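Here the structure is laid out as structure tokens; the discussion comes afterwards.
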Amino acid sequence: MKVLVTGGAGYIGSIVVEELVHVGDEVVVLDNLSCGHRRAVHPAATFVQGDLVDRAALKGLFEAHDFDGIMHFASYTLVGESMQQPFLYLGDNVRNALNLVEEAVAHDVKRFILSSSANLFDRPEHIPITEAERIVPGSPYGEGKYLVERILAWLDRIFGLRYAALRYFNAAGASPSGQRGEDHRPETHLIPIVLQVALGKRDKVVIFGDDYHTRDGTCIRDYIHVSDLAQAHILALRALQGADAQSRIYNLGNGLGYSNLEVVETCRRVTGHPIPSEFGPRRPGDPAALVAGSDKIKRELSWEPQYPELEAIVEHAWAWHRAHPDGYST
Ligand SMILES: NC(=O)c1ccc[n+]([C@@H]2O[C@H](COP(=O)([O-])OP(=O)(O)OC[C@H]3O[C@@H](n4cnc5c(N)ncnc54)[C@H](O)[C@@H]3O)[C@@H](O)[C@H]2O)c1
């Protein structure tokens, strides 16, 4: 298949591109490099530096290539920032996705995978969180993702665009090849922040809140290995092929929750570094536990995480950070 990957120079996108190349797909990456890294893009992929805001460039891209499918990763991605700058998330992120789907429809590209988010479930009534859970976006970031899901549902109905919305929980780890990993600037995700202490880039890690109603008082999150996420994208894209294919929505995590303390302890074990930590106050709006129920994608697409254990996730992340202490600038 020939696949357009927007945001393919970013953390998750670049690792999905690596896996697409391995299964023999032809890949075109569109990325404005606002947060991504040119060196993250697999050399076998065609790289186009461009912005989704640029309608003329997008049109040119679709005229130059006959895409079988699109994977859309490119967006602003920070929940906290979205509370400060909501228009980037309710405006730009949604408009950029619209620009993309409008070209897709105009050029008869019928398969679309959206990077959606667990931020759709701010007040879950049931843990693990399945696709039946009520949608309560936790921020303009999550609301923007939901708006794009709704747009896709209408385009499915009107134009027959088949889509899969993959609502990831916390992507973590690095590509098992050791060649691609997380390099966000600034870094906001827990595992790379904890590993920065082991690398000597931070003195300590602060854990926000120790009085949640959880097994050790700290927040519980579901970490999904980025390579398992990549496999889910490939399966989802294949499932959208064929005349009778249906659009799909999946919650994507590994169904195992790990507390913040357990993450720090696992990082200590894997790195052999003492990793000093201290407790800080709760962060406003942090739910106690977010764990995905991913039975639907397991059942329907036979997806099975290869690296469900936190230990393996941290080992791959550590291998990447140790070999690339300055990320892609190393
Ligand atoms: N990292 C996670 O745990 C997580 C969890 C849930 C959902 N997601 C979603 O997954 C996707 C990828 O996340 P990530 O962590 O890899 O982020 P990332 O910032 O590493 O990657 C995003 C990429 O998109 C590019 N980009 C941004 N705006 C663009 C534009 N207007 N035009 C072209 N390129 C643009 C950036 O340069 C970057 O390379 C995002 O949509 C994010 O919201 C991520």
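Please treat every number below as a calculation from the coordinates, not as lab data. This structure is a prediction, so every number in the text was calculated from the model and none was measured. Cβ coordinates were reconstructed from backbone atoms using ideal geometry, including for glycine residues, and neighbour counts include every protein chain displayed.
Seen against the Cα atoms of the chain and their longest principal axis, helix 226-239 is set at about 30 degrees. Principal-axis analysis of the Cα atoms of the chain puts helix 140-159 at an angle of about 30° to the longest axis. Working note: Karplus 6.51/-1.76/1.60 with θ = phi - 60° gives the range 279-287 the couplings 8, x, x, 4, 8, x, x, 7, x Hz, where Gly and Pro are set to x. If you take the Cα centroid of the range 162-193 and the Cα centroid of the range 218-284, the two points sit 8 Å apart. Exposure proxy shown here: for TRP154, TRP318, the number of other Cβ atoms within 10 Å sets the order, fewest to most, as TRP154, TRP318.
The percentage of C-alpha pairs in the chain whose separation is greater than 24 Å is 53%. Could you identify which residue out of ALA232, ALA171, ALA288 has the top mean-square fluctuation in a GNM of the chain using Cα springs shorter than 10 Å? Of the options given, ALA288 has the highest mean-square fluctuation.
Between LYS59 and GLU300, 0.36 nm times their residue separation minus their Cα-Cα distance comes to what?
Answer, rounded to one decimal: 83.3 nm.
By the beta-carbon count within 10 Å of each Cβ, the least crowded to most crowded order of ASP156, ASP228, ASP222, ASP66, fewest first, is ASP66, ASP156, ASP228, ASP222.
Which of GLU304, GLU103, GLU125 moves the most in a Gaussian network model of the chain with Cα springs under 10 Å? Top of the fluctuation ranking is GLU125. The lysines whose alpha-carbon is closer than 29 Å to the alpha-carbon of LYS296, local same-chain residues fewer than 8 away aside, are LYS2, LYS110, LYS145. When the chain is treated as a Gaussian network with alpha carbon springs shorter than 10 Å, the biggest mean-square fluctuation among GLU315, GLU262, GLU278 belongs to GLU278. Selection among LEU235, GLN246, PRO124 by position relative to the dipole of the chain gives PRO124 as farthest towards the positive end (Cβ unit charges, Cα centre). Among ILE15, ILE191, sorting on how many other beta-carbon atoms sit within 10 Å of each Cβ, with the fewest leading, yields ILE191, ILE15.
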